[in-house]
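These notes concern the structure reproduced below.
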Amino acid sequence: MTYASVKPLTLTLGHLYPDQLNLYGDRGNIMTLQRRCQARGIELRVVGLGIGDALAPDEYDMLFIGGGQDKEQAPVAQDLYELKGIGLWAAVEDDMPVLAVCGGFQLLAHYYRPAEGPDMRGLGVFDAWTIHKGARVARCIGDIALSWNGTTLVGFENHGGRTYLGTAKPLGKVLKGFGNNAEDHTEGAIYRNAYGTYLHGSLLPKNPHFADHLISLALKRKYKEDDDESTIAAFSATNNGQRLEQDTSEDVLAVTTLTKEEATSPSPLTLAPLDDTLEWEAHTYILERLGLHNAATAAIRTHIKQ
Ligand code: GLN
C-alpha cells in the first residue's frame, strides 16, 4: 500500500505579549506544547503578538498569555482592551483553547485593581475580578496543588492580586497553596475552552495531561469541523473502506484502501501517549513536597510504569 505525500496536522498558537508577560518561565508552556506536538508529528507554529499587533482569530488555533508585574500589565491591559479584545472574544466564543496565566488571567477577567494606580480594565472573558491587597499584605507565594478533572495540577504561584469569581467556574479546588484569593479554596477560572490559572512553574511541563488536553481541544476544533470538500481533510474514511486525502484544489492526492485495523483505528486526532515518566516524577515531587502523599501515590500508580 503506498501513500502519496500525507499532509501533517498543523496548529498555530498565538503567543500574546511575549516580551511583556513572561514571568517565572511561562515561556516553558510554549516549549512544552511545541515538543508534545512535534513528538506526534503535529506542526505547531508559534506567532508572537506584541503591543500594537492585531489579533485575527481565524489565523490561530490556540492562544497563550503569560504573567507579569503590575508595571508590565498596565500597557498590555490598554492594548488588550482597545486592539485585541474583539478578536480574543471571538476566539473564545468559537471555543478556541486559551491558556492565561496569572497577570494574563487577571486581564481576561473584568478588572485588576493593583496596589497602586488606577484599575486596569480587563476583557471580562472570565466573570471574575482581582484586587491587590496592598504592599503591606503578604503576596501569595509558593508551591501549589489543586484537584482538576479527577487528577491533580501542580505549579508555583506568586501574585499579590486576589481574584474573586462571579459566575466563572474555577479550574479546580486548592489542595495546598493559596489559589485565587487564599480564602475560598478556588484556583483559576474556566469559560468555554478558556482556562485562567495562577500556576507558573511553568505549568505545562509538570502537567503533561493538561498540555495534551489543550492540544486535543485545538485539533478537534480545527479538524472535526472540516467536513466540506473545500478544505483540507486530515483523513476521512470514505465508503467501501477507502482513505481519501484531498487538497484544496480537490485533486485527490492519494486513495488508499484501509486495512481492517486502520478502518477501526482511533482517529488521527487521538494523541499518541508519550513517555512522561520525567514529567510525572516532577509532578509527584511537588505533591510530596506539599505533603499530599496519597495524591502522589495515585499519580505514580496511574502515570509511571512500575
Ligand atoms: N502583577 C500581578 C499580581 O501581583 C500578577 C503577577 C504575576 O503575573 N505573577 O497579582
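Some observations on this one:
- Amide H contacts under 5 Å for VAL46, placed H, 5+ residues apart: LEU13
- Chain lengthening between MET31 and ASP95 when straightened (0.36 nm per residue, less Cα-Cα): 20.8 nm
- Rounded to whole Å, sorted largest first: equivalent-ellipsoid semi-axes of the range 53-131, Cα gyration tensor: 21, 12, 11
- For the range 39-149, the relative contact order comes to 23 percent (Cα pairs under 8 Å, sequence separation of at least 6).
- For the range 132-142, backbone phi angles converted through the Karplus equation (6.51, -1.76, 1.60; θ = phi - 60°) give residue-by-residue couplings of 7, 8, x, 5, 7, 8, 4, 6, 8, 10, x Hz, Gly and Pro being listed as x.
- 5 angstrom amide H check on LEU9, placed H, neighbours 5+ away: GLU43
- Of the trypsin sites (Lys or Arg not before Pro) found in the range 115-223, the ones in coil according to DSSP and having at most 10 other Cβ atoms within 10 Å of their Cβ are ARG136.
- For TYR198, residues with placed amide H under 5 Å, excluding near neighbours: CYS102, GLY188
- In a reduced charge model with +1 at each Lys and Arg Cβ and -1 at each Asp and Glu Cβ, the range 165-224 shows a dipole moment near 420 debye about its Cα centre.
- Counting 0.36 nm for each residue step from ARG139 to THR151 and taking away their Cα separation leaves a gain of 1.6 nm.
- Cα→Cβ-extended label distance, 7 Å offset, between TYR164 and GLN78, nm: 2.8
- For the range 1-61, the equivalent ellipsoid derived from the Cα gyration tensor has semi-axes of 28, 16, 6 Å, listed largest first.
- Counted by Cβ distance under 14 Å from GLY117, the other residues give a net charge of -1, where Lys and Arg count +1 and Asp and Glu count -1.
- Residue-wise HN-Hα coupling along the range 30-39, computed from phi with Karplus coefficients 6.51, -1.76, 1.60 (Hz; x: Gly, Pro): 5, 4, 5, 5, 5, 5, 6, 6, 4, 5
- All lysines inside 20 Å of LYS7 as judged from Cα atoms, apart from same-chain residues fewer than 8 positions distant: LYS220, LYS222, LYS224
- Applying the Karplus relation 6.51 cos²θ - 1.76 cosθ + 1.60 with θ = phi - 60° to the range 273-285 yields 3J(HN,Hα) values of x, 10, 7, 9, 4, 4, 4, 6, 5, 5, 4, 6, 4 Hz, where x marks Gly and Pro.
- In range of the label at GLU116: residues from the range 136-165 whose backbone nitrogen is under 18 Å from the point 7 Å along Cα→Cβ: 136-139, 160-161
- Per-residue Cβ neighbour rank within 10 angstrom, fewest leading, ASP212, ASP53: ASP53, ASP212
- Using the Cβ-Cβ distance between THR12 and LEU274 with R0 set to 22 Å, the FRET efficiency from 1/(1 + (r/R0)^6) comes to roughly 0.50.
Any read-out appearing in this document is the output of simple, stated calculations on the displayed coordinates, not a laboratory observation. This is a predicted model, so every value here is computed, not measured. We place every Cβ from the backbone using ideal geometry, glycine too, and count neighbours over all the protein chains shown.
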